[in-house]
Amino acid sequence: MTTLRAIFSELLHLFIDDSSLALLVVILIALVAAGVKLLVVPPLGGAVLLLAGCIAILADSLRRAAAKRRG
């Protein structure tokens, strides 16, 4: 049970402590929504952009968290 609590705590801190993660995701959503609504980006293309962008933002956040832990 302690291990499960530690895992949950680490996941929670990953998303709450990194405010740039939340900000970048909100900006990404706004840009993709604007692209789909105002430009000629098809909805499926917007979904792919959203998925790729979220994965890239999360990977960058994980990289920065790992670098912070190392030193």
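Quick look at the values:
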| item | result |
| --- | --- |
| Full-extension gain in nm, A30 to E10, via 0.36 nm per residue minus C-alpha separation | 4.4 nm |
| Axial C-alpha extent at least 27 Å, average Kyte-Doolittle at least -1.0 - helices from the chain (DSSP) | 19-38, 43-70 |
| For the chain: relative contact order, % (alpha-carbon pairs under 8 angstrom, 6 or more apart) | 31 percent |
| Computed accessible area, I55, all protein chains, 1.4 angstrom probe, square angstrom | 100 Å² |
| Per residue, in Å², the accessible surface of the chain once ligands and nucleic acids are set aside, probe 1.4 Å | 80 Å² |
| Mean ellipticity per residue at 222 nm, deg cm²/dmol - from DSSP H runs of n ≥ 4 across the chain, formula -39500 (n - 2.57) | -31500 deg cm²/dmol |
| Isotropic mean projected area of the C-alpha convex hull, the chain (nm²) | 5.9 nm² |
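The values are calculated or read from the model by the stated rules, or taken from the named source; none is laboratory data. Treat the numbers as computed from the prediction; the structure is a model and nothing was measured. With ligands, DNA and RNA removed, areas are computed over all heavy atoms of the protein, side chains included. Shrake-Rupley method; radii C 1.70, N 1.55, O 1.52, S 1.80 Å.
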